[in-house]
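Each remark here refers to the structure printed beneath this line.
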Amino acid sequence: FNRKGAEVQGGHGLELSADEFSLQELIDQTLSISQRQDYTGEVFIRVDPSLFPMSYTSDFFRLRQCLVNLVNNAVKFSSNLDRKGCVLIDVRGYLEDDTARLTFCVEDNGVGIPEDKQSALFVPFSQQSDYSAMRVQGTGLGLTITKTIVEL
């Protein structure tokens with residue numbers, strides 16, 4: 001998230017901003033924006049404690065958008081199960097040459113996606129037909145947008 005002037009598919013230029021923020025701010029805003037109003041499951045957050053005292057510089061809006069997309073998917077696909085839904089947001093990181101490298105992982109206990117259908121995850125407007133019985137709504141763009149941003 002530190003490069004500027006990256007090209008997005010279709011040749012549209014996109015300049016990333018350099019915003020200073022804390023992990024607490026990022027996590028709080030991600031959770032407040034995420035579609036969790038009717039979620040009866042649990043959301044767990046695990047963050048390496050050594051990462052909290054630092055401030056970070058990255059494109060805050062786009063990073064938050066990626067996390068919101070991932071959390072929304074996890075919430076959608078771990079709802080309406082025969083068991084209590086569960087979402088884990090895991091943040092890890094390390095320092096490399098005075099630069100923090102963060103990894104965000106969002107996991108859920110949903111039904112999963114068969115291996116033969118995983119290649120369609122990042123295809124715009126695609127949705128797994130197996131999930132239609134679960135009444136999951138969406139445009140099928142969240143993961144595509146997230147992948148595009150992450151690859152900048």
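The values are calculated or read from the model by the stated rules, or taken from the named source; none is laboratory data. These figures come from a predicted structure and were not determined experimentally. As a convention, Cβ positions derive from the backbone with ideal geometry for all residues, glycine included, and neighbour counts pool all protein chains shown. Each accessible area value is taken on the protein alone, full model and side chains, heavy atoms only, with ligands, DNA and RNA left out. Shrake-Rupley method; radii C 1.70, N 1.55, O 1.52, S 1.80 Å.
For THR144, the criteria (1) at pLDDT 80 or above; (2) of a type in the set (Val, Ile, Thr); (3) surrounded by 14 or more Cβ atoms within 10 Å (Cβ to Cβ) hold in every case but one, which is (1). Determine, yes or no, whether GLU7 is open to solvent by 40 Å² or more (accessible area, probe 1.4 Å), modelled with pLDDT of 95 or more and of a type in the set (Asp, Glu). No: the conditions fail for GLU7.
Which pairs turn up if I take residues in the stretch 24-38 that are within 15 Å of PHE52 (Cα to Cα) and of a type in the set (A, V, I, L, M) and look for partners that are open to solvent by 30 Å² or more (accessible area, probe 1.4 Å) and assigned to a helix (DSSP H, G or I) with beta carbon separation below 7 Å, at least 6 apart in sequence or on another chain? What qualifies is LEU26/ARG64. Among the criteria (1) basic (Lys, Arg); (2) free of Cβ contacts under 8 Å to residues at least 40 places away in the same chain; (3) more than 21 Å from GLU25 (Cβ to Cβ), the one LYS76 does not fulfil is (2). Candidates in the stretch 84-102 are the residues that are not small (Gly, Ala, Ser) and not in a strand (DSSP E or B); of these, the one that is least open to solvent (accessible area, probe 1.4 Å) is LYS84.
Checking each residue in the stretch 29-43 for being open to solvent by 80 Å² or more (accessible area, probe 1.4 Å) and either assigned to a loop (DSSP other than H, G, I, E, B) or closer than 13 Å to PHE60 by Cα (or both) picks out GLN35, ARG36, GLN37, ASP38, THR40.
Filtered by the rule that a residue be touching a strand residue (DSSP E or B) at 6+ places or on another chain (Cβ under 7 Å) and assigned to a helix (DSSP H, G or I), the stretch 62-78 gives LEU67, LEU70, VAL71, ALA74, VAL75, PHE77. Taken as a whole, the structure places LEU81 among residues that are part of a loop (DSSP other than H, G, I, E, B) and not aromatic (Phe, Trp, Tyr).
Yes or no: the stretch 12-27 includes at least one residue that is in contact with a helix residue (DSSP H, G or I) (Cβ under 7 Å, 6 or more places away or on another chain), of a type in the set (Val, Ile, Thr) and modelled with pLDDT of 95 or more. No: the stretch 12-27 contains no residue that is in contact with a helix residue (DSSP H, G or I) (Cβ under 7 Å, 6 or more places away or on another chain), of a type in the set (Val, Ile, Thr) and modelled with pLDDT of 95 or more.
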